[in-house]
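Have a look at the structure below before the remarks.
The values are calculated or read from the model by the stated rules, or taken from the named source; none is laboratory data. Since the model is a prediction, treat every value here as computed from it, not as a measurement. Heads up, the Cβs are rebuilt from the backbone with ideal geometry, glycines too, and the neighbour counts pull from every protein chain shown.
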């Protein structure tokens, strides 16, 4: 068996329009496809991250909230590699997004920070080496 790469990350949101705006207009991700699935009363939005990665954004009526922040079992956070962390932090803050102070990863010496999507999912910016 050989795993090549992560194909996509799936996120379930509580408010589809609000999350769609956040991921496309604030984070600037490209829409690849948008599908409404009548039988599930659910949207699926395929978003491009960088050159090859993808996020699938889902809406499901009545989906439970994340149990705790940030240390619930399961997915801890989603990290985005960026060229210039200060530039992205400024852009996010201009859009009204609260961003934690930039820190240094003790293991790599690289800069990183966290912010949240509209449902409180922890997202990370990690500066490219």
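Among the conditions (1) closer than 15 Å to residue 125 by Cβ; (2) within 17 Å of the chain's Cα centre (by Cα), the only one that residue 86 does not satisfy is (2). Only one entry in 31, 104 is on the phi < 0 side of the Ramachandran plot, in contact with a strand residue (DSSP E or B) (Cβ under 9 Å, 6 or more places away or on another chain) and outside the structural domain of residue 129 (by TED's automatic domain parsing), namely 31. Residue 25 meets all of the listed conditions (1) farther than 16 Å from residue 11 by Cα; (2) modelled with pLDDT of 95 or more; (3) not assigned by TED's automatic domain parsing to the domain that holds residue 6 but one, namely (3). The requirement of being in contact with a helix residue (DSSP H, G or I) (Cβ under 6 Å, 6 or more places away or on another chain), at pLDDT 95 or above and surrounded by 13 or more Cβ atoms within 10 Å (Cβ to Cβ) is fulfilled nowhere in region 74-84; no residue meets it.
For region 53-63, the set of residues classified as touching a residue at least 12 places away in the same chain (Cβ under 8 Å) and out of contact with any helix residue (DSSP H, G or I) (no Cβ under 9 Å at 6 or more places or on another chain) consists of 53, 54, 56, 63, listed by residue number. Of the residues making up region 96-108, those that are part of a loop (DSSP other than H, G, I, E, B) and at pLDDT 95 or above are 96, 97, 98, 100, 101, 102. Scanning region 35-42 for any residue that is surrounded by 12 or more Cβ atoms within 10 Å (Cβ to Cβ) and in contact (Cβ under 8 Å) with a residue 24 or more places away in the chain turns up nothing.
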